[in-house]
Amino acid sequence: MAISRIPPAALSLKQFLQRQRVLGIYRNMLRTIRQVPDEADRKYLTDWARAEFKRNKDATNQDAIRMMITQANNHLEELQKSLALARS
């Protein structure tokens, strides 16, 4: 009987790629938030982003995770557009 070298808690390829996508969105969101000129707003947005990602970190339902990724991308695009308008 062959023994598997993969630990029991290892992520599947699909889960790994999804995790990388979520981490990328999180990093992009924090980078975008750093561009907010007002310090109070920046702190509020940083705390909000951290709380949202932390609140959903244990989600396992693939459909729910896809929906949250879409929602996070929409929030990120909205924030980027708002910053672009504020600069112009």
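Of note:
- Extension gain for the segment R42 to S88, taken as residue separation times 0.36 nm less the Cα-Cα distance, is 14.6 nm to one decimal.
- Here the calculated FRET efficiency for K81 and R5, from their Cβ-Cβ distance with R0 = 35 Å, stands at 0.15, rounded to the nearest 0.05.
- Trypsin sites (Lys or Arg not before Pro) within the range 15-77, DSSP loop, no more than 10 other Cβ atoms inside 10 Å: R34, K57
- Between L23 and K54, the contour length at 0.36 nm per residue exceeds the Cα-Cα span by 10.0 nm.
- The length gained on full extension between L30 and R66, counted as 0.36 nm times the residue separation minus their Cα-Cα distance, comes to 11.0 nm.
- Surface composition of the chain: carbon plus sulfur atoms contribute 56% of the solvent-accessible area (1.4 Å probe, protein chains only, all chains present).
- Sequence-distant contacts, meaning Cα pairs under 8 Å at least 6 residues apart, place the relative contact order of the chain at 37 percent.
- Average accessible surface area per residue within the range 39-87, 1.4 Å rolling probe, Å²: 79
The values are calculated or read from the model by the stated rules, or taken from the named source; none is laboratory data. Remember, it's a predicted structure, so these values are computed and weren't measured experimentally. Every residue, glycine as well, gets a Cβ built from its backbone with ideal geometry; the counts of neighbours run over all protein chains shown. Accessible surface areas use protein heavy atoms only, side chains included; no ligands, DNA or RNA. Shrake-Rupley method; radii C 1.70, N 1.55, O 1.52, S 1.80 Å.
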